[in-house]
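> Just dropping this structure here.
The values are calculated or read from the model by the stated rules, or taken from the named source; none is laboratory data. A quick note: this is a predicted structure, and the numbers were derived from the prediction, not measured. Here the Cβ positions follow ideal geometry from the backbone for every residue, glycine too, while neighbour counts run over all protein chains shown. These accessible areas exclude ligands, DNA and RNA; they are computed on the full protein's heavy atoms, side chains included. Shrake-Rupley method; radii C 1.70, N 1.55, O 1.52, S 1.80 Å.
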Amino acid sequence: MTKGWLDNDVALVTGANSGIGLAVLRRFLDEGATGVGALVRSGDSADALRLAFGDRVAVTVGDVRSPVANEEAVAATLKAFGKLDTLVGNAGVWDHFASLRKFESGQQLADTFREVFDVNVMAYLLAAYAAEPALRETRGSMIFTLSNAAFYAGGGGPTYVASKHACVGVIRQLAYELAPDIRVNGVAPGGTVTPLKGPESLGKQGAKLSEIPGFSGAVADAVPLGFIALPEDHTGHYVLLASRTNSPATTAAVLQSDGGWEVRGRPRRKT
Ligand code: NAP
């Protein structure tokens with residue numbers, strides 16, 4: 001019986017315990033996926049996922065910056081579900097609008113650059129490296145979570161904006177290298193209500209984006225559609241890109257889900 005667009009598919013999602021990653025995991029299961037592998041960084045997050053989804057998830061605990069953790073996550077997914085159709089690289093860190101002159105020293109800037117790029121860019125490559133053999137077998141796809149900051153200024157400071165711009169290059173190069181066997185695409189959310197955290201190098205590892213006073217209102221005011229998204233608002237794009245039926249000819253694409261950031265500012269309406 002057909003249940004959804006991803007019937008019998010298997011995915012692996014990094015940062016799957018929270019925010020956009022959790023919403024994608026849940027939506028993939030709703031769309032008929034047999035199971036979803038999850039790479040998360042704490043035992044508590046792993047327990048919560050197992051409690052919520054039982055044997056429909058295969059959870060690995062590890063840091064996305066670790067090559068071994070990425071390899072273990074792929075292996076655990078294959079062991080539980082027998083194949084891999086879609087890798088969703090999603091775990092990320094945000095720089096809390098650390099503009100150039102907010103850094104206390106060049107050393108702090110260097111540390112933040114490395115931390116943000118390691119999590120947001122290198123870890124996507126490590127996940128791709130680990131998953132590529134299995135995805136080649138199924139002629140599957142990779143989907144990476146980017147951001148409005150992958151295309152435009154103002155969604156963070158220079159380290160975050162540069163890291164997300166770099167991910168456009170990751171998608172384009174991998175789409176080129178891995179064709180015709182594996183499609184590689186991205187989804188670029190705008191401001192979204194999630195507990196996205198900051199870098200340790202800035203002492204912001206406990207600071208959550210959704211708890212910044214006025215953040216939701218500021219995002220809503222900054223985009224033509226006039227509201228801040230929930231994680232669920234983006235998940236249809238991941239389903240579309242993962243679906244072989246709907247996107248067989250789509251690679252190197254990034255779907256923007258940002259309330260119209262490109263045409264920021266609301267038109268003046270005559271009353
Ligand atoms: P989130 O709920 O905090 O999700 C981020 C995930 O990444 C969490 O599961 C977090 O784990 C995990 N993570 C971070 N560093 C990690 C590491 N070193 N090793 C393993 N896991 C790590 O926030 P989110 O907004 O959904 O973020 C998901 C993606 O969306 C990110 O790539 C972000 O840049 C992107 N994005 C977010 C927004 C927004 O406004 N929220 C806008 C555009 C793009 P913990 O839960 O343990 O911290």
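> In region 117-174, what residues are among the aromatic types (F, W, Y) and under 17 Å from P189 (Cα atoms)? I'd like the intermediate steps shown before the answer.
So in region 117-174, the residues among the aromatic types (F, W, Y) come out as 117, 124, 129, 144, 151-152, 160.
Answer for region 117-174, where residues must be among the aromatic types (F, W, Y) and under 17 Å from P189 (Cα atoms): Y124, F144, F151, Y152, Y160.
Per-residue answers, yes or no, for (1) closer than 19 Å to W94 by Cβ; (2) touching a residue at least 24 places away in the same chain (Cβ under 8 Å); (3) surrounded by fewer than 17 Cβ atoms within 10 Å (Cβ to Cβ); (4) touching a helix residue (DSSP H, G or I) at 6+ places or on another chain (Cβ under 9 Å):
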{"position": "A175", "(1), (2), (3), (4)": "no, yes, no, no"}
{"position": "R183", "(1), (2), (3), (4)": "no, yes, no, yes"}
{"position": "T192", "(1), (2), (3), (4)": "yes, yes, no, yes"}
{"position": "L196", "(1), (2), (3), (4)": "yes, yes, no, yes"}
{"position": "G203", "(1), (2), (3), (4)": "yes, no, yes, no"}
{"position": "P213", "(1), (2), (3), (4)": "yes, no, yes, no"}
{"position": "G236", "(1), (2), (3), (4)": "no, yes, yes, yes"}
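> Is region 240-257 home to any residue that is over 22 Å from Y176 (Cβ atoms) and assigned to a helix (DSSP H, G or I)?
No; the residues of region 240-257 include none that is over 22 Å from Y176 (Cβ atoms) and assigned to a helix (DSSP H, G or I).
Per-residue answers, yes or no, for (1) touching a Phe, Trp or Tyr at 6+ places or on another chain (Cβ under 6 Å); (2) under 29 Å from V263 (Cα atoms); (3) part of a helix (DSSP H, G or I); (4) modelled with pLDDT of 95 or more:
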| residue | (1), (2), (3), (4) |
| --- | --- |
| M122 | no, no, yes, yes |
| I143 | yes, yes, no, yes |
| A166 | no, yes, yes, yes |
| Y176 | no, no, yes, yes |
| N185 | no, yes, no, yes |
| S216 | no, yes, yes, no |
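> One residue is enough: does region 23-34 have a residue meeting the conditions open to solvent by 40 Å² or more (accessible area, probe 1.4 Å), touching a helix residue (DSSP H, G or I) at 6+ places or on another chain (Cβ under 6 Å) and over 21 Å from G191 (Cβ atoms)?
yes
> For region 99-110, check the following and say yes or no: at least one residue is outside any loop (DSSP other than H, G, I, E, B) and within 16 Å of the ligand (Cβ to nearest atom). Even if it seems obvious, please write down each step before you answer.
Going through region 99-110, the residues outside any loop (DSSP other than H, G, I, E, B) turn out to be 100-102, 106-110.
Now drop any that are not within 16 Å of the ligand (Cβ to nearest atom), which leaves none.
No, region 99-110 contains no residue that is outside any loop (DSSP other than H, G, I, E, B) and within 16 Å of the ligand (Cβ to nearest atom).
> Quick one: which residue in L78, L125, L84, L39 is touching a residue at least 24 places away in the same chain (Cβ under 8 Å) and open to solvent by 70 Å² or more (accessible area, probe 1.4 Å)?
Answer to the check: L125.
> Identify the single condition in (1) under 19 Å from D258 (Cβ atoms); (2) surrounded by fewer than 23 Cβ atoms within 10 Å (Cβ to Cβ); (3) near the ligand (Cβ under 9 Å from one of its atoms) that K208 does not satisfy, given that it satisfies every other one.
Result: K208 fails condition (1) only.
> Right, something else. Considering every residue within region 18-26, establish whether at least one is among the hydroxyl-bearing types (S, T, Y), within 10 Å of the ligand (Cβ to nearest atom) and out of contact with any Asp or Glu (no Cβ under 7 Å at 6 or more places or on another chain). First the steps, then the outcome.
Applying the first criterion (among the hydroxyl-bearing types (S, T, Y)) to region 18-26 yields 18.
Keeping just the survivors that are within 10 Å of the ligand (Cβ to nearest atom) gives 18.
Pick out the ones that are also out of contact with any Asp or Glu (no Cβ under 7 Å at 6 or more places or on another chain) and you get 18.
So far as region 18-26 goes, yes, one or more of its residues are among the hydroxyl-bearing types (S, T, Y), within 10 Å of the ligand (Cβ to nearest atom) and out of contact with any Asp or Glu (no Cβ under 7 Å at 6 or more places or on another chain).
> Assuming V13 fulfils every condition listed in (1) free of Cβ contacts under 8 Å to residues at least 40 places away in the same chain; (2) touching a helix residue (DSSP H, G or I) at 6+ places or on another chain (Cβ under 7 Å) apart from one, which condition is it?
Every listed condition holds for V13 apart from (1).
> Still on this structure, please answer the following. Looking only at region 1-16, count how many residues are surrounded by fewer than 24 Cβ atoms within 10 Å (Cβ to Cβ) and among the polar types (S, T, N, Q). Explain how you work it out, then say what you get.
Let us first name the residues in region 1-16 that are surrounded by fewer than 24 Cβ atoms within 10 Å (Cβ to Cβ), namely 1-5, 7-8.
Applying the additional criterion that residues be among the polar types (S, T, N, Q) yields 2, 8.
So the count comes out to 2.
> Here are some residues: A46, A69. Which one is out of contact with any helix residue (DSSP H, G or I) (no Cβ under 7 Å at 6 or more places or on another chain), open to solvent by less than 30 Å² (accessible area, probe 1.4 Å), under 18 Å from E132 (Cβ atoms) and within 15 Å of the ligand (Cβ to nearest atom)?
Criteria check complete, one pass: A69.
> Going by the structure shown, is G226 touching a residue at least 12 places away in the same chain (Cβ under 8 Å) and buried (at least 18 other Cβ atoms within 10 Å of the Cβ)?
no
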